[in-house]
Structures are given as structure tokens and as C-alpha cells.
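Novice: One structure, as C-alpha cells, below. Some questions next.
The values are calculated or read from the model by the stated rules, or taken from the named source; none is laboratory data. This structure is a prediction, so every number in the text was calculated from the model and none was measured. Virtual Cβ from ideal backbone geometry, glycine too; neighbours counted across all protein chains shown.
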Amino acid sequence: MMVGFVSNLVIPAVILLIILVAYLKGVPVFDVFVEGAKEGAKTSFNILPVMVGIIMAVSVLNASGLTDILTGLIAKPLSLIGIPPEIIPVLIIRPFSGSASLGMFSELIKKHGADSYTGRVLSTIMGSSETVLYTLAVYFGAANVKNTRHAVAASLISSYLGMLTAIYICKIL
Amino acid sequence: MLNVIWIIMIFAGVATSLLTGRTKEVSEAILESCVSSVELVITMLGAMCLWTGIMEVARKGGLVDSLARLLKRIFKYLFPGIPDEHPANGAIAMSISADLLGLGNAATPLGIMAMKELSNVNHNSPVASNAMVMFGVLNAACIQIIPATVLTIRQQAGSLNATSVMPCIWIASFVSAVSGVILAKVMEKRVYI
């Protein structure tokens with residue numbers, strides 16, 4: 001309950017604090033806000049083409065059944081190093097799609113129970129990882145970067161190291 | 001790099017659909033994806049305006065500078081080559097703070113702004129700078145104090161102790177962040193891709 005209260009308060013409190021401090025310093029807060037918000041609108045429209053490209057490619061992968069095939073192929077070998085087969089679809093889709101992985105997570109946690117090992121591992125994975133490829137594509141796309149160098153490799157490896165940690169730490173804690 | 005990933009994803013998907021006979025589904029998914037990307041951008045549009053507006057107020061009020069000064073030492077190591085007074089420092093500080101507080105919708109707009117500022121430092125080159133890669137990698141670790149979305153879903157799924165996973169989440173994101181920083185620092189010295 002306490003956590004819920006605090007997390008509900010974060011956004012209003014941050015906004016209030018920022019506006020209050022600026023107002024006390026004599027900043028015309030509303031005018032400045034509107035100026036800044038215009039920039040946000042421009043950036044959003046610039047991102048749309050990037051979004052269309054990325055989301056299209058991800059949905060081609062999902063609809064073709066390739067994601068399911070890959071999951072089936074690596075489930076056996078991965079279970080040998082202690083990775084439960086039921087979480088593998090989430091592991092694969094997590095870096096690509098936030099909505100897809102969140103959907104899988106909600107379904108699996110209801111099926112296995114939130115306080116089961118599977119439920120706790122999935123919670124930890126969802127809470128400690130990001131939709132890496134999507135985030136990188138949007139960020140670098142917005143900055144007009146064509147060559148992202150080692151960004152994708154380093155992010156994916158560190159993301160999976162985090163997920164592996166989640167799998168093992170939930171066995172101990 | 002994105003060029004290669006993009007074509008691999010589409011090629012692999014289309015080729016698989018021929019084998020699995022799911023060409024109809026793929027064709028529908030392509031058209032559907034255009035709709036959902038517009039939905040996503042429209043949904044994000046409001047949040048984007050809100051947070052870039054609030055960010056501008058925070059900048060004019062001096063809060064961004066104070067935050068940047070607070071994090072200066074860490075930034076000098078993580079993002080070398082950014083001039084002291086450059087707005088990129090403040091933008092990164094705001095973006096990482098939003099991540100930590102779990103502001104969700106706010107994190108993406110602020111992250112985009114920070115990346116654009118970093119790109120300015122890099123003379124808007126089409127090749128990412130070390131600092132830009134580091135910023136991207138840090139975002140992958142999703143460091144947050146209160147993982148609100150996950151906790152809500154756990155509660156809805158009937159968890160008796162929804163917050164029990166918080167230490168696990170902190171440890172896993174810490175491992176991911178630290179390994180990300182090390183990997184980025186090691187890999188920036190070589191030309192892998």
C-alpha cells in the first residue's frame with residue numbers, strides 16, 4: 001500500500017516542485033511550458049517514420065511465426081543451464097516489443113501465480129529490462145544517426161546479463 | 001547497423017511466412033502495423049508535449065543545472081568530451097532522473113532530447129559518438145527505484161507480497177547497468193561493426 005501511495009505521488013510531486021521553484025525565481029511558467037511543449041510536438045512527428053519502420057519489421061517477425069519457431073528451438077538447450085522453458089518467449093521478445101512482452105507477462109503471471117518462482121522471475125525480468133532495440137531505434141533515429149556502432153551489441157549483451165541475473169537471483173532471494 | 005537489422009528482420013519474417021504458410025497473416029500485420037505506429041505516436045504526443053514543456057520550465061528555473069552539477073563527476077567519466085556548460089549535461093541528468101523515478105512516459109521524451117543534445121556535441125554526425133552509445137546502453141538497463149508497472153500487474157494477478165521482487169529487480173538492473181558501462185567502454189576502443 002505504502003509503495004502504491006509513493007509511486008502515485010511521484011509524478012504530481014515532480015511537476016509541482018519544478019513549477020514552484022521556477023515560479024519563485026520569476027519565470028513566466030505557463031508561457032515557458034507552452035514554448036517547450038511545441039518542441040515536443042515537433043519531435044513526435046519526426047519520430048513517426050522511425051516508428052512505422054520498426055513496428056512493421058517486428059510485426060512481420062511475429063506474424064510469420066518465426067518468433068515461435070525460435071522459441072521452440074532454443075527451449076531445450078536453455079533449460080539445461082537452469083532457464084525455465086515457460087519464460088523463454090518473454091526472453092526473446094523483450095528487446096523488440098514492449099507491448100508484446102507485457103502482454104505475455106500478464107498472461108503467464110496469472111497462469112503460474114504471481115508468487116511462484118516463474119511469476120517472480122518474470123516480474124524481475126520485466127522490471128529490470130528495457131525494450132532495447134526499440135528504444136535505441138527511436139533515440140538514434142531522432143538524432144539522425146545512421147551508424148550506431150557498438151550500441152546494439154553492448155545493450156543486448158548487458159540486457160541479457162541482467163535477465164540471467166534475474167533467473168538466478170530469484171532462486172536465492 | 002539499423003539498415004542491416006531492418007532488412008534481416010523483414011527478410012527472415014517473409015521467408016518464414018512462405019514456409020509456414022502464414023503469408024496472409026504477415027500481409028495483414030504489415031498494414032496493421034502502420035495503424036498501431038500512428039496510434040503509438042498520437043498516444044505519446046501528449047506526454048511528449050507535457051514533459052518537454054515541464055523540462056523547459058525546469059531549465060529556466062535552474063533545476064536542471066543544479067541536477068547536472070550534482071552528477072558532474074559521474075558524467076565526466078561516462079560521457080567524456082561534453083563541454084561543462086553544454087545543455088547535454090542537463091538533458092542527460094533529467095532523463096536519468098526520470099528513469100530512476102519511474103516516470104514511464106516522461107523517460108522517452110527526455111531520453112530523445114538528451115540524445116539530440118549529445119548529437120549536437122557530436123556535430124550532428126551520422127556516426128554515433130562514444131557518449132551517445134553509452135547513453136543508449138544505460139537506458140537499456142532500465143534502472144528504477146519503484147517499478148510501478150510490474151508491481152501493479154503483480155497485485156492484479158493476486159500476489160500476496162507484490163513488493164517482494166523489488167530487491168531482485170534492483171540487483172538485476174544493477175548488473176545490467178554495470179556490465180553495460182564496462183562493455184561500452186571496452187568496445188568503444190575497437191571497430192567491431
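Novice: Among helices (runs of 4 or more DSSP H) lying entirely in the range B:80-193, which contain 1 or more residues that are of a type in the set (Asp, Glu)?
Specialist: B:87-101, B:107-121
Novice: Looking only at the range B:6-39, count how many residues are closer than 18 Å to A:GLY98 by Cβ and of a type in the set (Val, Ile, Thr).
Specialist: Count: 2.
Novice: In addition: Considering only the range A:41-64, state which residues are under 27 Å from B:SER17 (Cα atoms), in contact (Cβ under 8 Å) with a residue 24 or more places away in the chain and of a type in the set (A, V, I, L, M).
Specialist: Hits for the range A:41-64 are A:VAL50, A:MET51, A:ILE54, A:VAL58, A:LEU61.
Novice: Can you name the residue in the range B:36-67 that is of a type in the set (Ser, Thr, Tyr) and facing chain A (nearest Cβ under 7 Å) and, of all such residues, is farthest from the chain's Cα centre (by Cα)?
Specialist: B:SER36
Novice: Moving to a separate point now. Specify the residue that is farthest from B:TRP51 (Cα to Cα); the eligible residues are those in the range B:85-118 that are over 15 Å from the mean Cα position of the chain (by Cα) and at pLDDT 85 or above.
Specialist: Across the range B:85-118, the extreme among qualifying residues is B:HIS86.
Novice: Another question, then. Sort through B:ILE146, B:ILE169 and tell me the only one that's within 8 Å of chain A (Cβ to nearest Cβ), crowded, with 23+ Cβ neighbours inside 10 Å, of a type in the set (A, V, I, L, M, F, W, C) and closer than 29 Å to A:ILE15 by Cα.
Specialist: Answer to the check: B:ILE169.
Novice: Suppose the filter is of a type in the set (A, V, I, L, M), farther than 27 Å from A:GLY26 by Cα and either surrounded by 14 or more Cβ atoms within 10 Å (Cβ to Cβ) or out of contact with any Ser or Thr (no Cβ under 7 Å at 6 or more places or on another chain) (or both); does B:ILE30 pass it?
Specialist: yes
Novice: Let me ask something additional. If B:CYS142 satisfies all but one of (1) closer than 21 Å to A:PHE96 by Cα; (2) at pLDDT 90 or above; (3) of a type outside the set (Asp, Glu), what's the number of the condition it fails?
Specialist: (2)
Novice: Looking at (1) modelled with pLDDT under 90; (2) within 17 Å of A:ASN147 (Cβ to Cβ), which one does B:PRO126 not meet, given that it meets all the others?
Specialist: Looking at each condition in turn, B:PRO126 falls short on (1).
Novice: Among the residues that make up the range A:37-51, is at least one of them surrounded by 18 or more Cβ atoms within 10 Å (Cβ to Cβ), over 18 Å from B:MET48 (Cα atoms) and within 21 Å of the chain's Cα centre (by Cα)?
Specialist: The answer is no, given that none of the residues of the range A:37-51 is surrounded by 18 or more Cβ atoms within 10 Å (Cβ to Cβ), over 18 Å from B:MET48 (Cα atoms) and within 21 Å of the chain's Cα centre (by Cα).
Novice: While we're on this one: Any idea how many residues of the range A:1-58 are charged (D, E, K, R), over 28 Å from A:ALA100 (Cα atoms) and more than 7 Å from chain B (Cβ to nearest Cβ)?
Specialist: 2
Novice: Another question, if that's okay. Name every residue in the range A:120-157 that is crowded, with 24+ Cβ neighbours inside 10 Å, more than 30 Å from A:GLY40 (Cα to Cα) and within 7 Å of chain B (Cβ to nearest Cβ), in order of residue number.
Specialist: Residues satisfying the conditions are A:ARG120, A:SER123, A:THR124.
Novice: Does at least one position in the range A:156-173 carry a residue that is assigned by TED's automatic domain parsing to the domain that holds A:SER79 and within 17 Å of B:TRP6 (Cβ to Cβ)?
Specialist: Yes, the range A:156-173 contains a residue that is assigned by TED's automatic domain parsing to the domain that holds A:SER79 and within 17 Å of B:TRP6 (Cβ to Cβ).
Novice: Still on this structure: Looking only at the range A:106-117, decide whether some residue is of a type in the set (Asp, Glu), surrounded by 22 or more Cβ atoms within 10 Å (Cβ to Cβ), over 21 Å from B:ILE30 (Cα atoms) and at pLDDT 85 or above.
Specialist: No, the range A:106-117 contains no residue that is of a type in the set (Asp, Glu), surrounded by 22 or more Cβ atoms within 10 Å (Cβ to Cβ), over 21 Å from B:ILE30 (Cα atoms) and at pLDDT 85 or above.
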